[in-house]
Amino acid sequence: MRRTGSWTVGLLILAARVLPSQAIGQGFELERAGQYEQAAAMYLAALRADPTNLPALLGLERVLPPLNRLGELLPAAQRAAATSPSNAALRGVLLRTYVALNESDSARAVALRWAAAAPRDEAPYREWAMALEDTHRHAAARDVLLVGRRALGRPGAFGIELAELSQLSGDWEGAAREWAAALPDAPAQLPNAASALAEAPDAQREPIARLLTAGTPPPLTRRLAGELLLGWGEAQRAWAVFEPSVATPSAEAAFALRRFADLAGARSAPDARRVRALALARYADLAPGPGGAAARARADAARAFIEAGDRAAARAVLEGVARDSTAPPDAQRLAQRAVVEALIEGGQLDTAAQQLAANSRLSAEDRGSLRLRLARARIEAGALDRAESALAGDSSVEALALHGWIALYRGRLRDAQSLFRVAGPYAGDRSDATERTAMVALLQQIPLDSFPELGRPLLLLAQGDSVHAVQALRLAAARLATTEGGGGGGGGRPDLLLLAGRVAARLDTVQQRSALVLFDEVVRTGGPGAAAPAAELEWARLLERRAQPAEALQHLEHLILTYPGSAVVPEARRELERAKGAIPKS
């Protein structure tokens, strides 16, 4: 076998002498196959034919260390550098080889000769430092880069490399200082700087922010600090730091604003939404082109202000777009629509209705969707007659669904049920359809065509008045029992008490105690219907939230044993496993 291997290597060497370029390819394939010894033989043979063959030298640099034969590379690298002394790539191979062999004096001599031959070039110092870093000599690599910085006379030279070394050693302030020094020569590195420094431990973040914002920092440093503060959850402070960096109009400032707005948009906090709106509004001032781009940017800013809850700022921005005669039709239409949306969101329903009636620039589609939004807002405000008027002549499924809510809040239960069924699952979004389905299920339990006592608490719920809604639901349940001739165990009474308990369970501790009483009453008096097991499940969940796991376990076990056919048993089993610690809470 040994003779066969030597014969094979001999053939490979012969081929390498005849066709050096093919030998490199063959050596690379052998290297990929893990046959390092044969690959090394090919590369060495190629170097005998051409001592300056860089691919062969690089190949040896890869395959000799696993064979513990790196020393064999040194004479080949020395011959290559001596043959072509001005070739920077060959000098790099020799320098790296000296460092890998721990021949520090020789490495220094090669690097300094290289630097003397190319006094404005960063490559000698960078190559030397990278070689040291590969051997985990981070302090020595840092010293080399600082020597190179002084020799080149540029304060920002090697800033990125020094920042990375500082971060590796845990010197986060030093890393921030180096990134800031590097950005003027490499502004495209700002996202990388922000990404690297964003990983700083909590205790290091404020010192970094103070360092980057001290004195009068240049625009790029301000942008870096702003992006970091935004990512660390200090949106208002981030904008205060960032905004001066875009005071002077330029393409770079516009790009920075757009990026900042996008970063803020990725965060859900209210102050981040407002900062996004401010950035978009400023971006609109810098947007290129006459009218169109700026108008669209302002419309985007207005929507962001609405999302942030600042309707006054949104209206100010939108009204400016609406008055802009140079804005293109789509931007005008967007602005006109957003003005009405802002008015509705702000509760100025009469003004919104006037705008909707008088604005001829709204499209038919926008007009229809805004009319539905206005009707929904009227319903939530309790102005049911005016909501009905707003829907006049609209036969869409969305309008039918809203008519259903109007009928429900007036207490016309069968009309509401019929309208919800006709509207089907396609009116509004999925949550709207789910809410209507749940309401139909409740109405099916109540044997009355008209029951105004139920409409009032349901309207209170829609208006967000949960405390009074709970009281009104309890009164409705009592009234229902009286209407049914005292049949307290059926006819929808348990379902109304269950709904009241669910609402109360989401409120404060006083209301939660009321919820426990309500769930207890439903379980005791609910009879064979679906309300009793559902109430016991809600009871157990509330007990678990109140840090009473033992009591919660008892109720879950009771539910599973008492109501084995209930639809809520699978949920109860999952809750039981969570309560026992078998499934971590998500």
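The values are calculated or read from the model by the stated rules, or taken from the named source; none is laboratory data. Just so we're clear, the structure is a prediction, and the values are computed from it rather than from any experiment. Ideal geometry is used to build each Cβ from the backbone, glycine not excepted, and the neighbour counts take in all protein chains shown. Please note that ligands, DNA and RNA were not included when accessible areas were found on the heavy atoms of the full protein model with its side chains. Shrake-Rupley method; radii C 1.70, N 1.55, O 1.52, S 1.80 Å.
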Placing +1 at every Lys and Arg Cβ and -1 at every Asp and Glu Cβ, with all other atoms neutral, what dipole size does region 405-506 have around its Cα centre, in debye to the nearest 20? 80
Of Leu542, Ala469, Pro528, which is farthest on the positive side of the dipole of region 434-586, counting Cα position, with +1 on Lys and Arg Cβ, -1 on Asp and Glu Cβ, and the Cα centre as origin? Leu542
Sorting check: for 412-423, 211-222, which peptide has the highest mean count of neighbouring beta carbons within 10 Å, and how do the rest follow? 412-423, 211-222
Which of Leu197, Gln167, Ala214 sits closest to the plus end of the dipole of region 119-234, meaning its Cα is farthest towards the positive end, when Lys and Arg get +1 and Asp and Glu get -1 on the C-beta? Ala214
Can you give the angle from 0 to 90° between the axis of helix 104-117 and the longest principal axis of the chain, with both taken from C-alpha atoms, to the nearest 10? 90
Residues of region 390-482: accessible area per residue with a 1.4 Å probe, Å²: 48
Gain in span if fully extended, Gln22 to Tyr426, counting 0.36 nm per residue against the direct Cα distance: 138.7 nm
Compute the acute angle (0 to 90°) between the alpha-carbon long axis of helix 364-380 and the principal axis of greatest extent of the alpha-carbon atoms of the chain; round to the nearest 10°. 60
Return the distance in nm (one decimal) between the two label points of a simple spin-label model at Arg546 and Asp143, each offset 7 Å from Cα along Cα→Cβ. 6.9
Percentage relative contact order, the chain, counting C-alpha pairs under 8 Å, at least six apart: 4
So what's the angle, to the nearest 10 degrees on a 0 to 90 scale, between helix 123-134 and the longest Cα principal axis of the chain? 70
Carbon and sulfur atoms account, in whole percent of the 1.4 Å probe accessible area of region 495-586, for 55
Magnitude of the Cβ-charge dipole of the chain, K/R +1 and D/E -1, about the Cα centre, nearest 20 debye? 580
The summed charge of the Glu133 Cβ neighbourhood (under 14 Å; Lys/Arg +1, Asp/Glu -1) stands at -1
Magnitude of the Cβ-charge dipole of region 454-586, K/R +1 and D/E -1, about the Cα centre, nearest 20 debye? 220
Given R₀ = 51 Å, FRET efficiency for Thr562-Asp350 by Cβ-Cβ distance, to 0.05? 0.40
Give me the net charge of Thr248's neighbourhood, meaning all other residues with Cβ under 14 Å from the Cβ of Thr248; Lys, Arg count +1, Asp, Glu -1. 0
Note the per residue figure in Å³ for the convex hull of the C-alpha positions in region 76-180. 83
